[in-house]
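Undergrad: What follows is a single structure, and I will ask about it in a moment.
The values are calculated or read from the model by the stated rules, or taken from the named source; none is laboratory data. Since we're looking at a predicted model, the values are computed, not measured. Quick reminder, even Gly has a Cβ in these numbers, built from the backbone with ideal geometry, and neighbours come from all protein chains shown.
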Amino acid sequence: MTRKKLLVTGGAGFIGGNFVQYMVNKYPQYDIYNLDLLTYAGDLTKHKEIQEKDNYFFVKADIADRETILNLFEKEQFDYVIHFAAESHVDRSITDPEVFVRTNVMGTQVLLDAARLNNITKFVHVSTDEVYGELDFNPTTFFTEETPLQPNSPYSASKASSDLLVRAYHETFGLPVNITRCSNNYGPYHFPEKLIPLTISRVLNDEKVPVYGDGKNIRDWLHVLDHCAAIDLVMHEGINGEVYNVGGHNERTNLEVVKTIISTLGKSEDLIEFVKDRLGHDKRYAIDPTKLENLGWKPTYTFETGIAQTIQWYLDNKEWWEQIISGEYQNYFQNQYSLK
Ligand code: NAD
Ligand code: TYD
């Protein structure tokens with residue numbers, strides 16, 4: 001039997017990185033190609049335990065570089081494409097939207113062209129629940145796959161645009177696609193510009209934690225390994241053309257999340273500093289995962305077990321995040337926040 005070839009884009013980032021490790025270890029019979037541009041968010045040190053394995057390969061490339069991508073697809077004849085590569089941070093999309101359109105929209109379109117010209121088995125496009133816009137605080141309302149797309153930030157608008165292109169390539173060219181839309185992920189190797197790793201790293205250094213507005217905005221937290229299992233399932237069992245929402249009913253206000261981390265680490269809530277609200281700050285995200293559950297997915301982490309595991313991981317892997325926050329990140333942090 002010939003070996004299956006998987007192209008994972010963005011496999012040096014947070015979720016793509018966890019997915020690459022999960023797949024390399026779970027499927028020795030698959031060859032896993034990690035394609036990544038290694039932007040500020042990409043880092044290969046996380047892969048030191050798999051980089052010598054026979055079924056792992058790395059390609060440094062830009063998904064928006066048409067010639068390179070078309071040549072690669074023609075040469076390798078991938079069976080599956082799992083597309084994570086993106087600019088992913090809402091705050092950065094507010095200060096510099098252009099690169100979000102280039103990577104998230106144009107890059108996705110290049111990959112779709114390459115996929116359709118080379119007979120792939122499946123193209124899984126990893127998207128976000130943020131394309132649905134925001135919910136109010138009524139706890140009985142959820143995003144379903146039928147919720148209209150109403151993105152509010154340049155980031156979510158660029159992701160929604162890419163979702164529409166993926167859908168169109170299925171309708172027009174019959175490309176075998178799935179779109180997954182997940183809630184906020186957390187877990188190992190989460191880049192410390194996002195709320196949970198930013199809070200853990202700053203609390204461990206006894207530094208102030210910036211909470212936007214009144215801290216009452218709600219996010220629905222999903223452990224990254226539960227997300228990886230969901231994508232594995234969709235890739236193998238998803239019905240072509242379908243969208244699947246991924247989330248585990250773990251809604252928390254931002255203030256609850258920050259207070260949980262502070263108390264787990266035995267520090268004082270005086271570290272919390274309320275700062276100017278994010279522009280266009282979405283109030284609440286919450287996923288109805290019934291469709292994916294009907295396909296056979298069930299999360300294994302509650303927020304309590306997941307956050308405890310994640311905090312322990314950051315305690316055990318200080319070297320990884322200290323190396324990140326000592327570099328270019330310092331400039332980003334100074335420009336983004338005016339904390340004492
Ligand atoms: P990330 O920012 O940690 O990683 C993105 C990766 O993409 C990096 O390794 C980066 O180097 C790479 N990349 C960026 N531009 C590229 C380009 N032009 N060519 C090739 N590689 C490029 O992001 P993440 O948090 O791991 O998110 C992965 C995907 O999941 C994204 O598509 C994002 O929209 C989606 N998503 C994330 C979350 C979340 O909570 N983090 C939630 C829902 C959906
Ligand atoms: P974030 O981790 O950036 O993810 P997203 O914007 O994709 O949901 O933010 C999660 C929530 O935390 C969001 O409501 C914004 C808030 N937040 C803060 O209060 N302070 C911060 O420093 C950051 C980065 C986020």
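Residues checked against (1) touching a strand residue (DSSP E or B) at 6+ places or on another chain (Cβ under 8 Å); (2) over 22 Å from Ile63 (Cβ atoms):
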{"site": "Arg102", "(1), (2)": "no, no"}
{"site": "Glu134", "(1), (2)": "yes, yes"}
{"site": "Pro139", "(1), (2)": "yes, yes"}
{"site": "Tyr169", "(1), (2)": "yes, no"}
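Undergrad: Let me ask another. Hey, any hits in region 201-210 for a residue that's part of a loop (DSSP other than H, G, I, E, B), over 25 Å from Ala160 (Cβ atoms), within 13 Å of ligand 2 (Cβ to nearest atom) and at pLDDT 95 or above?
TA: Within region 201-210 (the criterion being part of a loop (DSSP other than H, G, I, E, B), over 25 Å from Ala160 (Cβ atoms), within 13 Å of ligand 2 (Cβ to nearest atom) and at pLDDT 95 or above), the answer is yes, since at least one residue qualifies.
Condition check ((1) in a strand (DSSP E or B); (2) more than 12 Å from ligand 2 (Cβ to nearest atom); (3) over 18 Å from Phe143 (Cβ atoms)) across all residues:
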| residue | (1), (2), (3) |
| --- | --- |
| Pro188 | no, yes, yes |
| Asp220 | yes, no, no |
| Ala229 | no, yes, yes |
| Tyr244 | yes, yes, no |
| Leu255 | no, no, yes |
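Undergrad: Against the conditions (1) in a loop (DSSP other than H, G, I, E, B); (2) within 29 Å of Trp297 (Cβ to Cβ); (3) at pLDDT 95 or above, where does Gly248 fall short? Just the number, please.
TA: (3)
Undergrad: Now for a different question. Looking only at region 40-72, how many residues end up being in contact (Cβ under 8 Å) with a residue 24 or more places away in the chain, more than 12 Å from Gln21 (Cα to Cα) and within 14 Å of ligand 1 (Cβ to nearest atom)?
TA: 16
Undergrad: Anything in region 99-129 that is more than 16 Å from ligand 2 (Cβ to nearest atom) and either of a type in the set (Phe, Trp, Tyr) or not in a helix (DSSP H, G or I) (or both)? List them, or say none.
TA: Of everything in region 99-129, those that are more than 16 Å from ligand 2 (Cβ to nearest atom) and either of a type in the set (Phe, Trp, Tyr) or not in a helix (DSSP H, G or I) (or both) turn out to be Asn118, Asn119, Ile120, Thr121, Lys122, Phe123, Val124, His125.
Undergrad: Another question, if that's okay. Here are some residues: Lys46, Lys60, Lys5, Lys53. Which one is within 21 Å of Asp226 (Cβ to Cβ) and of a type in the set (Lys, Arg)?
TA: Matching residue, one of Lys46, Lys60, Lys5, Lys53: Lys46.
Undergrad: Now for a separate question. I need the full set of residues from region 72-87 which are of a type in the set (Gly, Ala, Ser) and within 16 Å of ligand 2 (Cβ to nearest atom), in order please.
TA: Result: Ala86, single match.
Undergrad: Could you list, ordered by first residue, the pairs with Cβ atoms under 6 Å in which the first is in region 75-100 and touching a residue at least 24 places away in the same chain (Cβ under 8 Å) and the second is assigned to a loop (DSSP other than H, G, I, E, B) and within 15 Å of ligand 1 (Cβ to nearest atom), at least 6 apart or interchain?
TA: Sorted first by the residue in region 75-100, then by its partner, the pairs are Phe84/Gly10; Ala85/Gly10; Ala85/Ile63; His89/Glu193; Val90/Ser153; Ser93/Ser153; Phe100/Glu87.
Undergrad: Please specify each residue of region 143-161 satisfying the condition of being assigned to a helix (DSSP H, G or I) and either at pLDDT below 95 or more than 16 Å from ligand 2 (Cβ to nearest atom) (or both).
TA: The one that is assigned to a helix (DSSP H, G or I) and either at pLDDT below 95 or more than 16 Å from ligand 2 (Cβ to nearest atom) (or both): Ser161.
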